[in-house]
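Here's the structure, in structure tokens; my notes come after.
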Amino acid sequence: MNKSQKKIFQTKADLVKATVEIIAKTIHEADKNNRTCAIALSGGSTPKDVYNALAKKQEINWQAVRLYWGDERMVPPDHADSNYRMTKEALLDHVAIPKENIFRIKGELSPEEAARNYEEILAQSFNSSPPVFDLVLLGLGDDGHTASLFPSTEILNETQRSAAEVFVPKFDAWRVSLTYPVLNHAKQILFLVAGKSKAEVVKQILENPKPQMHLPASVVSPVGGMLIWFLDSSAAAMLVS
Ligand code: 6PG
């Protein structure tokens with residue numbers, strides 16, 4: 001059984017601050033035990049604020065961090081839509097993280113090649129299969145998607161691969177995403193959800209204890225890990241408790 005926790009913050013800024021604290025603590029714990037800390041980052045607007053704040057946080061030993069991404073769009077790394085580019089500008093350009101500790105999804109390749117390449121990267125850089133992340137940051141779409149696990153897509157049925165290509169009909173575009181087997185082996189999953197457009201889906205997910213396949217985020221449930229939902233008051237507005 002995973003342990004789960006939900007925390008509601010008055011403002012998005014409070015949520016961002018608390019997220020930076022969790023990330024810093026997770027890195028510190030790993031560093032104390034002479035390990036590197038593996039973190040999967042998310043795209044999206046709330047994470048961007050987190051990365052900006054994290055870049056200013058003192059006392060993080062970036063040598064002790066390995067960074068990955070939960071999903072990527074099929075664009076080159078300098079494209080405006082690239083999750084890697086967003087992270088680079090907000091965080092990577094401002095901290096002393098060794099280049100060899102950055103493991104991006106190569107959006108410039110074909111979807112199949114990019115997914116295979118990312119699977120190989122994961123297999124080589126983790127000594128476990130599936131890879132066990134110390135922390136996975138996830139967003140939530142108002143349709144219930146998370147990472148690039150969108151409703152009614154093939155990737156939701158993936159049980160073997162650590163990453164896969166996924167065609168997303170609503171954007172008429174391919175993406176590459178981590179799969180459930182990996183997400184569900186993480187030590188900590190942290191959902192970052194802000195804004196009133198998310199209130200309805202937050203209610204549907206958090207007030208129903210069962211996984212619902214039409215809301216892919218509700219199927220994320222780490223075996224033995226910790227599941228944390230950070231909401232701002234707008235995203236939590238429709239919750240009864
Ligand atoms: C992406 C994300 C995606 C995102 C959600 C929520 O690259 O699009 O990984 O899953 O986290 O769509 O995005 P917001 O936080 O911007 O609402």
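Of the beta bridges DSSP finds with both residues in segment 85-212, what % are antiparallel, to the nearest 5? Write out the running numbers ahead of the final one.
Numbers: 7 of 10 bridges.
Within segment 85-212, antiparallel bridges account for around 70 percent of the total.
Please give the solvent-accessible surface of Glu200 in Å², to the nearest 10, using a probe radius of 1.4 Å with every protein chain present.
Its heavy atoms expose roughly 90 Å² to the probe.
Could you tell me what percent of the accessible area of the chain is made up of carbon and sulfur, with a 1.4 Å probe and every protein chain present?
50 percent
5 Å is the cut-off here: which amide hydrogens, built 1.01 Å from N in the peptide plane, fall below it relative to Val168, excluding neighbours closer than 5 in sequence?
Ala173, Trp174, Arg175
DSSP beta bridges in the chain, what fraction antiparallel, as a percent rounded to 5?
Antiparallel bridges make up about 30 percent of those DSSP assigns within the chain.
Counting only the backbone N, which residues of segment 59-73 are under 20 Å from the spot 7 Å out from the Cα of Lys25 toward its beta-carbon?
59-62, 64-66, by backbone N distance to the label point.
Pairs of alpha-carbon atoms within less than 8 angstrom and 6+ residues apart define the contacts here; what relative contact order does segment 1-154 have, in percent?
24 percent
Strictly over 28 Å apart at the Cα level, which of Lys3/Lys32; Lys56/Lys187; Lys6/Lys99 would you flag in this model?
Flagged as over cut-off: Lys6/Lys99.
With all protein chains present and a 1.4 Å probe, how do Asp31, Asp71, Asp93 order by accessible area, largest first?
Working: Asp31 50, Asp71 10, Asp93 85 Å².
Per-residue accessible area, sorted high to low, gives Asp93, Asp31, Asp71.
Would you mind counting up the charge near Ile155? Only other residues with Cβ under 12 Å from its Cβ, with Lys and Arg at +1 and Asp and Glu at -1.
Local charge sum for Ile155: -2.
Give me the percent relative contact order of segment 94-173, please, defined on Cα pairs under 8 angstrom at least 6 residues apart.
26 percent
Please calculate how many Å² of accessible area the chain carries per residue, with a 1.4 Å probe and no DNA, RNA or ligand atoms counted.
47 Å²
Which order do you get for Ser234, Ser148 if you rank them by accessible area with a 1.4 Å probe, largest at the top?
Per-residue accessible area, sorted high to low, gives Ser234, Ser148.
The values are calculated or read from the model by the stated rules, or taken from the named source; none is laboratory data. Since this is a predicted model, take the numbers as computed values, not measurements. Every residue, glycine as well, gets a Cβ built from its backbone with ideal geometry; the counts of neighbours run over all protein chains shown. Surface accessibility is based on the protein's heavy atoms, side chains included, excluding ligands, DNA and RNA. Shrake-Rupley method; radii C 1.70, N 1.55, O 1.52, S 1.80 Å.
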